[in-house]
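A short worksheet on the structure shown next.
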């Protein structure tokens, strides 16, 4: 199995600071082979320190892949960090956020400038966007931005959260968006709806660990009324395809 | 893990869901519970939540009649009810041992006189009341309502990732020993262990959130967390049975 959405380090919540080793233990418990991860510290507080710590984490563990967090409040710093970390072997893409932590939407000028750099220099990179604000502007903004950068692959983290029924038809219109299933409420029919609207080849597993455990999200997949073939695509094969595209792009193939 | 008969889901509804986006029929709900390995359920009617509490409660009791492992959960509309004491007597007399109120559908705040009156009436019968925490401050207000009544509340909705309520639940729960927390929205093992450690295992009761939530998620967290087998047994059914005075399963 592959988890395309997890975090290490500390959130401002009553949870211990999570190390890469904690994450690997959780992966072993749940049979997850590879997890793509960003730094919570980078998102909620200090991008430079958090991204640097993440780089040390993924360099130590070959089952982890990294997303560099790009904070739009400083385009120059974000570009510098994107260039630095996407040049490292185990970084596969960029994490972007809207809402309270950064105070601006994905479609803001600063995000677009950063994405322009990614598209020009790292067109193979994945862009994991926090699509979980329970605000139609949040997923509509992702669809708009994905249309501007058709060469990039976007992952809609949380696929609209509570508004998934509204979000999925909008997200499905852009071929370069896949839906990532993690959500704070394990709402029935989310996965069935994603498979029906996006197509099973455009739905991927994510947990949002450590906020949500991999076991909690695997429970959703277990109960979803979709076929075993589709579950295999969600849990592993679709993500493997995305990671293979990253590797091929990085190798210049 | 425990035998299905030992697991008791205390957060489950069935019936007609008017938005039409999911099948909430009793057959579907029981099928999902069975597939997840959950053999006991305290189940209420969506009709009681959305329309006619009395008719819905009759529907829940009829659904449970003759089905081992099923116990009825009564529902009460606090937008409609005026004789709260009489309503409590009616559901107690009918054999229901859990009363659920529906602020998630009806929109009333915790600081709401009909809620306080219902909690007081239920306390007189030893009938626990299930109520949803929806936003920061809700559990704090529930603690005040409980302090005035000596009743028991079962609070749903405690989570850490969406509307973080865990720190508030612990702060209030330490001073409110009759406040219990239902676990279907506890999304990770560390939080389960934290709640058990800070409040005591006896304060946690298992639920699934059916028909709106996938049931295996909540079960997975309890299965994988660091509580002992005896502690898991208590959360998965023993605590709720003791609280409600039930004899099914276990």
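The values are calculated or read from the model by the stated rules, or taken from the named source; none is laboratory data. This one's a predicted model, so the numbers in the text were calculated from it and none came from an experiment. Note: ideal-geometry Cβ built from the backbone for every residue, glycine included; neighbour counts use all protein chains shown.
Of all the numbered requirements in (1) more than 14 Å from every other protein chain (Cβ to nearest Cβ); (2) buried (at least 23 other Cβ atoms within 10 Å of the Cβ); (3) not in a helix (DSSP H, G or I), residue B:186 misses one, and that requirement is (1). From the list A:104, A:90, the one residue that fits, being over 30 Å from residue A:187 (Cβ atoms) and in contact with a helix residue (DSSP H, G or I) (Cβ under 9 Å, 6 or more places away or on another chain), is A:90.
Here's the yes/no breakdown for (1) under 18 Å from the mean Cα position of the chain (by Cα); (2) under 21 Å from residue A:30 (Cβ atoms):
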site	(1), (2)
A:167	yes, no
A:194	yes, yes
A:210	yes, yes
A:225	no, no
A:239	yes, yes
A:245	yes, no
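Restricting B:34, B:56 to residues that are assigned to a helix (DSSP H, G or I), in contact with a strand residue (DSSP E or B) (Cβ under 6 Å, 6 or more places away or on another chain) and in contact (Cβ under 8 Å) with a residue 24 or more places away in the chain narrows the list to B:56.
Results for (1) more than 18 Å from residue A:218 (Cβ to Cβ); (2) modelled with pLDDT of 95 or more; (3) crowded, with 19+ Cβ neighbours inside 10 Å; (4) more than 16 Å from the chain's Cα centre (by Cα), shown as yes or no for each residue.
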residue: A:4; (1), (2), (3), (4): no, yes, yes, no
residue: A:25; (1), (2), (3), (4): no, yes, no, yes
residue: A:35; (1), (2), (3), (4): no, yes, yes, no
residue: A:45; (1), (2), (3), (4): yes, no, no, yes
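Every condition in (1) more than 23 Å from residue A:180 (Cβ to Cβ); (2) surrounded by fewer than 16 Cβ atoms within 10 Å (Cβ to Cβ) is met by residue A:75 except one, and the failing one is (2). State whether the residues of the stretch B:203-215 include one that is part of a helix (DSSP H, G or I), surrounded by fewer than 24 Cβ atoms within 10 Å (Cβ to Cβ) and within 9 Å of another protein chain (Cβ to nearest Cβ). There is no residue in the stretch B:203-215 that is part of a helix (DSSP H, G or I), surrounded by fewer than 24 Cβ atoms within 10 Å (Cβ to Cβ) and within 9 Å of another protein chain (Cβ to nearest Cβ).
In the stretch A:181-195, the residue that is nearest to the other protein chains (Cβ to nearest Cβ) out of those that are touching a strand residue (DSSP E or B) at 6+ places or on another chain (Cβ under 9 Å) and free of Cβ contacts under 8 Å to residues at least 60 places away in the same chain is A:186.
Would you point out which residue out of B:171, B:218 is assigned to a helix (DSSP H, G or I), buried (at least 24 other Cβ atoms within 10 Å of the Cβ) and either within 11 Å of chain A (Cβ to nearest Cβ) or in contact (Cβ under 8 Å) with a residue 12 or more places away in the chain (or both)? Lay out the reasoning, then the answer.
Values: B:171 fails: buried (at least 24 other Cβ atoms within 10 Å of the Cβ).
Exactly one of B:171, B:218 is assigned to a helix (DSSP H, G or I), buried (at least 24 other Cβ atoms within 10 Å of the Cβ) and either within 11 Å of chain A (Cβ to nearest Cβ) or in contact (Cβ under 8 Å) with a residue 12 or more places away in the chain (or both), namely B:218.
Would you say residue B:240 is in a helix (DSSP H, G or I), without any contact (Cβ under 8 Å) to a residue 24 or more places away in the chain and buried (at least 22 other Cβ atoms within 10 Å of the Cβ)? It is false that residue B:240 is in a helix (DSSP H, G or I), without any contact (Cβ under 8 Å) to a residue 24 or more places away in the chain and buried (at least 22 other Cβ atoms within 10 Å of the Cβ).
Within the stretch A:6-23, the set of residues being crowded, with 16+ Cβ neighbours inside 10 Å and touching a residue at least 40 places away in the same chain (Cβ under 8 Å) comprises A:6, A:7, A:8, A:9, A:11, A:15, A:18, A:20, A:23.
One residue alone among A:153, A:161 is within 14 Å of another protein chain (Cβ to nearest Cβ) and within 18 Å of residue A:4 (Cα to Cα), and that residue is A:161.
A Cβ distance below 7 Å, combined with a sequence gap of six or more or placement on separate chains, defines the contacts here; from the stretch B:154-167, residues that are without any contact (Cβ under 8 Å) to a residue 40 or more places away in the chain and away from every other protein chain (no Cβ under 12 Å) reach residues that are in a loop (DSSP other than H, G, I, E, B) and crowded, with 23+ Cβ neighbours inside 10 Å in the pairs B:155/B:133.
Would you say residue A:40 is free of Cβ contacts under 8 Å to residues at least 40 places away in the same chain, under 23 Å from residue A:218 (Cα atoms) and surrounded by 16 or more Cβ atoms within 10 Å (Cβ to Cβ)? Taking the combined requirement at face value, the residue satisfies it. For residue B:16, the conditions (1) surrounded by fewer than 22 Cβ atoms within 10 Å (Cβ to Cβ); (2) more than 23 Å from residue B:104 (Cβ to Cβ) are fulfilled apart from (2). Of these, B:95, B:66, B:75, B:44, which one is within 19 Å of the chain's Cα centre (by Cα), surrounded by fewer than 21 Cβ atoms within 10 Å (Cβ to Cβ) and not in a helix (DSSP H, G or I)? When all the criteria are applied, what remains is B:95. None of A:209, A:205 is modelled with pLDDT of 95 or more, crowded, with 23+ Cβ neighbours inside 10 Å and within 13 Å of chain B (Cβ to nearest Cβ) except A:209. Quick check on the stretch A:107-141: of everything there that is buried (at least 22 other Cβ atoms within 10 Å of the Cβ), touching a helix residue (DSSP H, G or I) at 6+ places or on another chain (Cβ under 6 Å) and over 18 Å from residue A:81 (Cα atoms), which residue is modelled with the lowest pLDDT? Residue satisfying both the conditions and the ranking: A:132.
Check whether at least one residue in the stretch A:218-229 is touching a strand residue (DSSP E or B) at 6+ places or on another chain (Cβ under 8 Å) and either crowded, with 24+ Cβ neighbours inside 10 Å or within 14 Å of chain B (Cβ to nearest Cβ) (or both), and report yes or no. Looking for residues that are touching a strand residue (DSSP E or B) at 6+ places or on another chain (Cβ under 8 Å) and either crowded, with 24+ Cβ neighbours inside 10 Å or within 14 Å of chain B (Cβ to nearest Cβ) (or both), one finds none in the stretch A:218-229, hence no.
With the structure loaded, tell me whether residue A:214 is within 12 Å of chain B (Cβ to nearest Cβ) and farther than 25 Å from residue A:9 by Cα or whether it fails that test. No, not satisfied. Within the stretch B:131-150, the set of residues being on the phi < 0 side of the Ramachandran plot, in a loop (DSSP other than H, G, I, E, B) and surrounded by fewer than 22 Cβ atoms within 10 Å (Cβ to Cβ) comprises B:134, B:135, B:136, B:148, B:149.
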